[in-house]
Structure formats: C-alpha cells, structure tokens
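**Student:** Right, I'll just put the structure down here and ask away after.
Nothing in this text is a laboratory measurement; each read-out follows from the coordinates by a stated rule. No experiment lies behind these values; they were computed from the predicted model shown. Reconstructed Cβ throughout: ideal geometry from the backbone, glycine too, with neighbour counts over all protein chains shown.
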Amino acid sequence: MLKNFRKTLWIALGSTIGFAVGCTPLPKDVDTQSYVPLSLAPAALVGVSDRRASFRTAFCSGRGTEAALTEEDCNITLRRFRDESQSAETAVVPLLEERRSAYRIAVALGIGWDCVRDFIDEEKLPTTALRELGYDAELIEVEGLSGSERNADIVAATLLEDSSDQRPIILIGYSKGANDMMVALEKYPELANRTAAFVSVAGAVGGSPVAENDSGTTTQLFHFSPYGDCDDGDGLAMESLRPVLRHAWLRDHLPLPVPSYSLITAPEPSRVSRALRSSYKVLGVVHPINDGALLHWDQLLPGSSLLGYVNADHWAVTVPITLDNTPIPDFVVNNDFPRIRLWHTIVSFVIADLAKTNADMDTTRTDTQQ
C-alpha cells in the first residue's frame, strides 16, 4: 500500500514538475565573476580532432553480423554539419575475438539512474550487448544522487580492486557519468596509468543550464521514485552539474592524461521524447541544438577526438527504457535508436584507433633508432 502511495505521489510530483518547467520564466541575471571566459569556435580551433567521417564510415558500413546502412539511413542516424570532411581514414575492420577481450570496458551512467532502475531494460543495456559480442564490459555502480567527487572514488575503487588484472581499461561515461570518470582520472593517477582511453557519450562535460535553475525538485523526484533503489548519497549530483563548477574544473584539469573521444547527441525535434520536451524548449532559448538535457557544445570535450553528432535525445543514445507494468504511457518516451550498433562501433573504433596509434609509435621508435 505504501509503495502504491509513493507511485501516486511520484507521478503527481512528476506531472507538477513537468508543468512547472514548461512555464519556467527566463533565468535570473548571473554573477559573471563566477564564470570562466569562454568563446564559441569551430571544434578544430579548440584542439578537437575531427574524426566524424571515419566514424561515419565505420558505423554505416557492414561489419560482421550488421548490414550496411543506406546513405539516407546513415544521414538520418548520424547528423551532418556543414564542416564535416568527406574524406575518411581506413574503415574499422571487425575485431578478432582476442582483441575484443584485451581491454576492460567500464561504463558509468548518469544522474539518478539507480533511482529509476525499474525503467531500464538491463538486458538491452550497451554493457550487456557488448559482453555478448565478446567484450569484457562492466557497469560501474556509481551513486545516482552523489556528486562527481564521491562517484570518482567509487569508480577508482571498483576498477583498482583487482590488482591481478592488468589489462588496459577503456572508460565510457554517459551523461554525468562522464564527469565522474574524468574526476577519477584526475584524482587517481594509478587509474590514469591503467586507462587506455576515455569516451564521453552525451557527457555533461560543461554541465547544464538546467542544473542552474533546479530548486531541488529533481532530487526530490528521484528520492521519491518507487521504480528503483537509491539513497541520497551525498546529495550533490545536481550541484556538480552546474556550469560554473564544470567550467572551473575544465580550466584547472585539462588536458586529460589519456586519449579521449566525444560523441554528441543532437536530435531533431521529432526525436525528442515528450518527457524531455519541456527542458528541450528551455535549453532551446539558448540554442536549438540540444538533447533535452544538455546543449551540444557542453558535450564536446576540448582536446578530444570528435566521433559524431547522433540523432537521438539524451536518453535514447544509451538507456533502453521500458514502461511495461507502469502507469506511465509509452508515448512519453521516444527510445527507438540503434544504440547497440552505435556502442559496438564506438568500442571497436577506439580499440582499432589505439592499435594504430601504438603501431605508429613503434614505427617512429624504430626509425629513430636506425
């Protein structure tokens, strides 16, 4: 009976918040003394390596059990911006089984994920699919309502616990999970030494203006959720997403100590879930290209390799949401996206890229010694 009451309360609270966000006035003036000067510029001018053409080739071509996409379907899934090069490097070939298991793949999800775990079809999570494909992938159980400092400790403790496994690690952070992993790389040099690469997928690299305007309602909504099992943690999840904090962290801690990659979500309006449309409109006041949670430029990690802009909202790119056996109607979430193909391409692309880099370094050393 208590759980039914909590469900009713949670649904009512969610409806109220959705209405309130839709009617949110413009934000108050900001204290500019708290912000770091930024400038908008083409990605290549801020140290970003543009790898979109190569990643598009890898994603859209037939690889192993996956059929090639038509050019139309490819362009629908991976959006084109006018500065994308037409030239691609050699396409990524299917990885041999032994190369797939040569790395540990560690994934961290975003804010409140454990509070709504009943909504997530874990059998269809990218980590599950990657394991079925022969990769050693694991989901790091960060705390959904804790800040990045606390979760960085959890990431490091989890990955450094088994000292006998010395395989290199590929870290993949989704949403706020990207921040948790970046902080872990900075706080724990021993983790950085064992990490081969870091990938940000719809990462909240620069934070989100949504966090600046949150009055605690998001944390309350997650706290009262009957669809998961989470506690308050340190309660700093939304606080750690404030742009003023994320920008300051980036200023003090970039470049990252490992090769990094960025994949950005930039959905067309029709691809945005109804449950995200209120925040999509609020962010649209700043810029129309956002995923319902993050602006596109706040997802781009300076100094990283840019993989692409996917036509998916903030949830669809990673989280397989199921609303079966809940009173929430299916039409509020648009979750149809080839995320398994996408994540398979991400991991195989990065592993092949690391192998090429290592081979080039070996060749350079040989030439130097001769």
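**Student:** Let me spell out the model: positive unit charges on the Cβ of Lys and Arg, negative unit charges on the Cβ of Asp and Glu, origin at the Cα centre of the stretch 74-196. What dipole size does that give, in debye rounded to 20?
**Tutor:** On the way: 14 positive and 23 negative charges, 107 e Å.
Taking the Cα centre of the stretch 74-196 as origin, the dipole is about 520 debye.
**Student:** Between E132 and D232, 0.36 nm times their residue separation minus their Cα-Cα distance comes to what? Could you put the intermediate results ahead of the total?
**Tutor:** On the way: separation 100, 0.36 × 100 = 36.00 nm, distance 3.32 nm.
That works out to 32.7 nm of additional length.
**Student:** Separate question: If I model a spin label at V244 and R274 as a point 7 Å from the Cα along the Cα→Cβ vector, what separation in nanometres do I get?
**Tutor:** Placing both labels 7 Å along Cα→Cβ, they lie 3.7 nm apart.
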